[in-house]
Each structure stands twice: as C-alpha cells, then as structure tokens.
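Okay, structure first, notes after.
The values are calculated or read from the model by the stated rules, or taken from the named source; none is laboratory data. Because the structure is a prediction, the values reported are computed rather than measured. Quick reminder, even Gly has a Cβ in these numbers, built from the backbone with ideal geometry, and neighbours come from all protein chains shown.
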Amino acid sequence: MTMFDTLRNDMRVVRERDPAAKSWMEIFLCYPGLHAIWAYRIGHFFYRHEWFVLARLISHIARMLTGIEIHPGARIGKGLFIDHGMGIVIGETTVIGDNVTLYQGVTLGGTGKEKGKRHPTLKDYVVVACGAKVLGSFTVGEGAKIGAGSVVLKEVPPYATVVGIPGHVVAERGKRVHHHDESDVDLNHNKLPDPIEEQIGKLQHEVDTLRKEILLLKTESKGNLGPV
C-alpha cells in the first residue's frame, strides 16, 4: 500500500465511523485524531530508522497541536479511528491491531519502570470507550469492548465486555463463527451491562423472597396456636 493509499484509507475510516463527518474536506482539515495518526506514521518511520530524537519531536509537536500523544515506537495497524481524541495517550510498546476504535481520554499505558514490553496489545476490532485506562503488558482480545471510565489491569478474552475499577468481565459472547469485515466494527460502547444494577436486582429479589417466607412462617405459627 502506497503512502497516498494509506492516507485515503485513514480518511475513509473516519467517513465510515463518524456520522458527523459531512465532507472529505472537513475530514482532512478538522479531525485531530486523523492528524495525530498521520504524525505518528511519520514519527514511526524515523523511529524505525533510529532517529529517536526527531521521532519524539514529531510526537511532541503533534501532542501540542492535537491533544493526543502517540509514542512513535508504538505499532499500529490499519483502520485505527480516534474519535475526538483529546487526552489520549498511547505508550511506546503498545501494539494496536486493525480497525480499533479509541475515544477521548483513553490511556494505553504501563505500570512501572520495567524495560521491554510494558504496554497493552489490542487485537482487531477492539473498542475502548471514553476515559478508560488499559495498563500493563497483556492482551485485549479481538472484538472486546472496554466501558467508559474502566481501569483494566489484566487480560481480556475475545468478544468480552469489561467495566469497572478494576475492570472485570461482565459479558462474553465467545468467538464468532464468521470472519469480520470492516463494516462489523461495533461502536455501541454505551450499551454495556451494569454489574451494580444487576447486584441490586439480585439483592432485591432475595429480600422479597425472605419477606414472603417470613409472612408464611407467621401465618403457620398463628394457625398452630389455635384459638385461645
């Protein structure tokens, strides 16, 4: 794929996934997520050729202009969509697969001073919602969804939904039997299970059951006493 093919594909991804995009000119001029990805591609080229200072300088300038920090050492596949993007941080050893979607405030970070692989790997079709933090060297499986504000500290299975602090799996569909195409990207990160609501519902059900049992016991005890 040539450089111009890559640029066109990046713009096409925005057009397909953002209903607010009205024209190609608007996408070209007004999408900081797109500009951050383009700056990353330039910086990554120099990083691979060991021009580390220049690569970091490009990343630094892109952060000042877009509010998005992508380390030039990260490895990013095709079809990444950054929606709005302000406050996004992507660490040096992060690996992002194809057709991944990141919303504003996402951090793909490390958890210490260790060397080597210390940032997460996101497989294809992952969606990370607003403000989520994915911290550490582990894999988020294909098609997984990370809920808004979640803090994920351990591996996520494919097609799982994770919410909470710390993040835990609340839904898991298992791997689909058909192959993905790019139209399969699931952006409904607002439609996630609420584990707190589910627990409250279970508690309410138990309370109602106990009330019925107590009323039944009272009725039986009165019956056993008979007339005084």
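Structure summary
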read-out	value
Residue within the range 123-140 that is without any contact (Cβ under 8 Å) to a residue 60 or more places away in the chain and aromatic (F, W, Y) present	yes
Condition check for I96: of a type in the set (V, I, T) and free of Cβ contacts under 8 Å to residues at least 40 places away in the same chain	yes
The lone exception for K133 - which of (1) out of contact with any Ser or Thr (no Cβ under 8 Å at 6 or more places or on another chain); (2) within 20 Å of G87 (Cβ to Cβ); (3) of a type in the set (K, R) it fails	(1)
D194 out of contact with any helix residue (DSSP H, G or I) (no Cβ under 7 Å at 6 or more places or on another chain), surrounded by 12 or more Cβ atoms within 10 Å (Cβ to Cβ), more than 30 Å from R12 (Cβ to Cβ) and at pLDDT below 60	yes
Some residue of the range 23-30 being of a type in the set (D, E), surrounded by 20 or more Cβ atoms within 10 Å (Cβ to Cβ) and part of a helix (DSSP H, G or I)	no
Residue satisfying condition, being modelled with pLDDT of 90 or more and part of a strand (DSSP E or B), within set V170, V134	V134
Test result for A36, at pLDDT below 90 and either outside the structural domain of E69 (by TED's automatic domain parsing) or not β-branched (V, I, T) (or both)	no
Complete set of residues in the range 39-81 that are closer than 16 Å to H119 by Cβ and either of a type in the set (D, E) or outside the structural domain of C130 (by TED's automatic domain parsing) (or both)	E69
For F46: the one exception among (1) closer than 29 Å to G147 by Cβ; (2) buried (at least 17 other Cβ atoms within 10 Å of the Cβ)	(1)
Some residue of the range 69-86 being under 23 Å from L122 (Cα atoms) and in contact with a Pro (Cβ under 6 Å, 6 or more places away or on another chain)	yes
Lone qualifier among V151, V126, V162 - being out of contact with any Cys (no Cβ under 8 Å at 6 or more places or on another chain), in the same structural domain as I68 (by TED's automatic domain parsing) and surrounded by fewer than 20 Cβ atoms within 10 Å (Cβ to Cβ)	V151
From the options H84, H168, residue that is in contact (Cβ under 8 Å) with a residue 40 or more places away in the chain, surrounded by fewer than 23 Cβ atoms within 10 Å (Cβ to Cβ) and of a type outside the set (D, E, K, R)	H84
